[in-house]
Amino acid sequence: MHPPTAARPLRADAERTVRTILDAAERVLGRNPNATLEQIAEAAGVARTTVHRRFASRDDLIRTMAIEAWRRMDAAVDAARPHTAPPLVALHQATANVIAIKHGAAYALDRVGPADGEVADIRAAVFGKCDTALRRAQAEGIVPADADLDWVRRVYLALITETVHGDSEPDTPADPDTLARRVIDTLLHGVAGTPRDR
């Protein structure tokens, strides 16, 4: 008797198809929240049956979009080396990476929250890495020693969210590095002297 095996990973071409559908869904639903799976399939350049074969329902598609976005954010924060890079470098790079991802995934991220167990787990991992960078920044005197780091993180995340949602030109967002610099400057110094991003 053979031991049970995990589900086989998708072939490369199937992965590309799923990625194409997810990208098209974010674009289409971002412009028209009532768009159908058929409209998403058309935008992705695939047959409607292909979308239905990959996703059981519209809700399943949106949930997959959100989980994929959180996985990408988790990897993007890892890439900023929150445990080893100088704290300000790590915070800046993580912020720029997350802003870039959230600009392209805002629709799904707004609709699938931490009540979803898988989203909650990935989100907690991302927040934990953020806390690591903030603790290191506090240890180096970049963040005041008496600052409540839970509050600092909440303000930091709110600034990122407002940066993404408050963009008046979402189809042509400002450079993520410029936006990240504004977020970090505002977090550490308040609005006085915060540079304009445009």
Of the residues in region 149-198 that are assigned to a loop (DSSP other than H, G, I, E, B), modelled with pLDDT of 70 or more and hydrophobic (A, V, I, L, M, F, W, C), the one that is surrounded by the fewest Cβ atoms within 10 Å (Cβ to Cβ) is 191
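Is it fair to say residue 134 is crowded, with 17+ Cβ neighbours inside 10 Å and either closer than 27 Å to residue 24 by Cα or assigned by TED's automatic domain parsing to the domain that holds residue 176 (or both)?
Working: crowded, with 17+ Cβ neighbours inside 10 Å: yes; either closer than 27 Å to residue 24 by Cα or assigned by TED's automatic domain parsing to the domain that holds residue 176 (or both): yes.
Yes.
Please go through region 77-95 and pick out each residue that is hydrophobic (A, V, I, L, M, F, W, C) and surrounded by fewer than 19 Cβ atoms within 10 Å (Cβ to Cβ). Walk me through it before giving the result.
Kept after step one, since they are hydrophobic (A, V, I, L, M, F, W, C), are these residues of region 77-95: 77, 79-80, 85, 88-91, 94.
Once the filter is applied, which keeps residues that are hydrophobic (A, V, I, L, M, F, W, C) and surrounded by fewer than 19 Cβ atoms within 10 Å (Cβ to Cβ), region 77-95 yields 79, 85, 88, 89.
The values are calculated or read from the model by the stated rules, or taken from the named source; none is laboratory data. Because the structure is predicted, anything quoted here is derived from the model rather than measured. Cβ: placed from backbone, ideal geometry, glycine included. Neighbour counts: every protein chain shown.
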